[in-house]
Amino acid sequence: MADPDLPAALATETRRGIGVSPGTASGPVVQVAPPVRAPADEPPTTDADAALTEVKAAFEATALDLEERAARADDTAQQILRAAVLIARDRSLLKAVGKHLAKGVGKAGAVHAGIEEFATQFLALGGYFAERVTDLRDVGSRALAHVLGVPVPGVPELTTPSVVVAHDLAPSETATLDRAMVLAIVTEAGGRTSHTAILAAQMGIPAVVQVPGATTLAAGTVVAVDGDAGEVVVAPSEELLATLGVRRERLAAALAGSGGPGTTRDGHAVALLANIGGVEDAVDAGAQDLEGVGLFRTEFVFLSADRAPTLEEQVEIYRQVFEPFGARRVVVRTLDAGADKPLAFADLGPEENPALGRRGLRLSAERPDLLDTQLEALAVAARETGADVRVMAPMVATAEEADWFSRRVRENGLAKAGVMIEVPAAALRAEHVLRDCDFGSLGTNDLAQYTMAADRMQGELSDLLDPWQPAVLDVIAAACEGAGRAGRPMGVCGEAGGDPLLALVLVGLGASSLSMAPGKVPLVRLALARHTLPQCRQLAQLARTARTAGEAHDAVRAAASAELTALL
Amino acid sequence: MAQRTVTIASSVGLHARPAALFVEKASSSGLDVEIARPGEDPVDATSILGVMALGAKHGEEVVLTAEGDGADAALDELVALLATDLDAE
């Protein structure tokens, strides 16, 4: 979807990827250095004492780096960083490295061997200890970089606003990025619904993934990033930067007039809601002009904990999340963990196919105690804050599962129970699945994954995971029709709802609410306000009669209001 | 040589945050402090990796030893630390 206004000939070099978080930005490149390995051809150590002094200095430099970071980090990150500082200064570790140096192993090889000695020990202990191996190896990798005199791996400290470029970003790296310093994110790997993509959209940072050769861009090179078109322009001309600036201003001017509840031009209400993943998100989103939360992911409450969080701890967190929304609705998704997002205290062991395994509600069925505590905590927090709390279960496939869940929700004193529609089976049988529930909510990311049989985390399969795939739209249509027959509302809480064109299609298919990264709400509101419900239905029909995802998108774009498409 | 026996009060045992706090305190004493299960080989109490690998759980007894000036005072502080449920704070 190239912008005809962009003078392509002026661009020095354009690299195409997949835009996963909208907006444009330009600035200097900062490369996230890859993990460091000990070189295979390292010369052996001849003077063990001198080598040990150097290695000790490398670990001390690492400790100082980490200490400096800890001083600026928030509470959770600080705890992790302080433990890492202790590892870097650990005498047993240094002793182990010294042993290898004495045997004549090169400095980098000895650091690696010393770290791995402890890593093996911790892996053997399993559980909590096995998880700490990541921290241990991170310290080792940093010390190795100091020994070898190469850049320290990970996101460097940003001193000026920059475009962060990486092969791929770990969720932890994306989460700790300084929002004020990151203009845009560009990765060589990653996919449409990877964690990088979701977090970038959540933070309102333009992002493009699957950009060929991204990691070869020299640090400091100025690039222009177009998160809508999925383009990265290297060394953009003044003219291009000006054009992008004009586009940003035009968009800002159009959005300045947009506000209030979501509604089509003919007055059909479509609630515009936020997707949030924690207290910080809740405070941000609560301050914005939107109608509540359509998806509160509760994993963060559990994932970093060593033991099941207590009722009191959960009540406190939920209260902090609900408070910013006053009497607005907050739709809570219960714990969505499993083999791919293992819990230290409820590990069911590795599985061949985590995406098809005991995750979501299936984990809750094995550990109903976890679900009951969570539901009770949600009920207490809802009563205390007066928030309109509605609870839904992830990974529901059958009517029995939906019934089991809604019964538990009501037994715990919560008024409204719903289910996520992300398994095609539940979508096709929505009328029956929703009988004892109050609402359904389409999780389009997983629904696309399961409809197209394409792993969400497999960046190369992004085309199959395109939510414009007509088959995915057919499944969504079936779910909306089933919900209609059952007399239940069906919302959308996947990334698809935040795409202004796709949002029109979803409303045309029958979606009653759209939940998205809060930064996407204004443009979606504007898109709805320019179209009537019959027009949305027509657009949906156009998309479903297309043969391919590309044709579906193009047909809808061509038929949508020019007032909207001029801004895209 | 000063010696103390204490029961681990932290509900998660002696790892994670409690282990880090313990190691930080032991290091700041500037003494050679060791920690062991009764009757087993001691590990360096200033080594986070050693202390974590010890894997002392909630309710287990551990023996602390230290040498040098101020060893008694240093051990008293460490005992107080281990006898508190650090994770509850």
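General remarks:
- Filtering B:Val43, B:Val63 for residues that are surrounded by fewer than 18 Cβ atoms within 10 Å (Cβ to Cβ) and among the hydrophobic types (A, V, I, L, M, F, W, C) leaves a single hit, B:Val63.
- Residues (part of a helix (DSSP H, G or I), more than 30 Å from A:Thr187 (Cβ to Cβ), in contact (Cβ under 8 Å) with a residue 40 or more places away in the chain and open to solvent by less than 90 Å² (accessible area, probe 1.4 Å)) located in segment A:27-68: A:Ala48, A:Ala51, A:Leu52, A:Val55, A:Ala57, A:Phe59
- If you go through segment B:2-21 and keep only what is hydroxyl-bearing (Ser, Thr, Tyr) and either surrounded by fewer than 24 Cβ atoms within 10 Å (Cβ to Cβ) or facing chain A (nearest Cβ under 9 Å) (or both), you end up with B:Thr5, B:Thr7, B:Ser11.
- Which listed residue, of A:Gly292, A:Gly259, is in contact with an Asp or Glu (Cβ under 8 Å, 6 or more places away or on another chain) and over 19 Å from A:Gly491 (Cα atoms): A:Gly259
- Which listed residue, of B:Glu34, B:Glu24, is at pLDDT 90 or above and within 11 Å of chain A (Cβ to nearest Cβ): B:Glu24
- Per the conditions (1) among the basic types (Lys, Arg); (2) within 10 Å of chain B (Cβ to nearest Cβ); (3) closer than 21 Å to A:Val150 by Cβ, the sole criterion not satisfied by A:Lys95 is (3).
- Qualifying helices (runs of 4 or more DSSP H) (wholly inside segment A:276-362; at least 2 residues being closer than 23 Å to A:Leu442 by Cβ): A:279-286
- A:Ala218 vs. criteria at pLDDT 85 or above and in a helix (DSSP H, G or I): no
- Where helices (runs of 4 or more DSSP H) fall entirely within segment A:364-460, those with at least 1 residues that are farther than 30 Å from A:Thr310 by Cβ and modelled with pLDDT of 95 or more are at A:399-411, A:424-428, A:430-433, A:444-452.
- Residue within segment A:515-535 that is in contact with a Leu (Cβ under 6 Å, 6 or more places away or on another chain), among the polar types (S, T, N, Q) and open to solvent by less than 60 Å² (accessible area, probe 1.4 Å) present: yes
- Residue match in segment A:397-404 (condition: open to solvent by 40 Å² or more (accessible area, probe 1.4 Å) and farther than 26 Å from A:Glu376 by Cβ): no
- For segment A:126-146, the count of residues that are among the hydroxyl-bearing types (Ser, Thr, Tyr), buried (at least 16 other Cβ atoms within 10 Å of the Cβ) and under 25 Å from the mean Cα position of the chain (by Cα) is nonzero.
- Segment A:69-122, residues that are surrounded by fewer than 16 Cβ atoms within 10 Å (Cβ to Cβ), free of Cβ contacts under 8 Å to residues at least 40 places away in the same chain and not basic (Lys, Arg): A:Ala71, A:Asp74, A:Asp75, A:Gln78, A:Thr120, A:Gln121
- Candidate set from segment A:481-499 (those that are part of a loop (DSSP other than H, G, I, E, B) and under 28 Å from A:Gly204 (Cα atoms)); member that is most open to solvent (accessible area, probe 1.4 Å): A:Asp499
Matching residues to (1) open to solvent by 50 Å² or more (accessible area, probe 1.4 Å); (2) not β-branched (Val, Ile, Thr):
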| residue | (1), (2) |
| --- | --- |
| A:Arg179 | yes, yes |
| A:Thr193 | no, no |
| A:Ala224 | no, yes |
| A:Pro236 | no, yes |
| A:Thr243 | no, no |
| A:Arg247 | no, yes |
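- Subset of segment B:37-60 that is within 10 Å of chain A (Cβ to nearest Cβ) and in contact with an Asp or Glu (Cβ under 7 Å, 6 or more places away or on another chain) - its residue that is nearest to A:Ala130 (Cα to Cα): B:Leu49
- Qualifying residue in segment A:502-523 (condition: part of a helix (DSSP H, G or I), at pLDDT below 95 and under 18 Å from A:Arg557 (Cβ atoms)): yes
- Of all the residues in segment A:304-318, those that are away from chain B (no Cβ under 12 Å) and open to solvent by 70 Å² or more (accessible area, probe 1.4 Å) number 1.
The values are calculated or read from the model by the stated rules, or taken from the named source; none is laboratory data. Quantities reported herein were computed from a predicted structural model and do not represent experimental measurements. Note: ideal-geometry Cβ built from the backbone for every residue, glycine included; neighbour counts use all protein chains shown. Ligands, DNA and RNA are stripped out before the accessible areas are found, and what is left, the full protein with its side chains, is counted by its heavy atoms. Shrake-Rupley method; radii C 1.70, N 1.55, O 1.52, S 1.80 Å.
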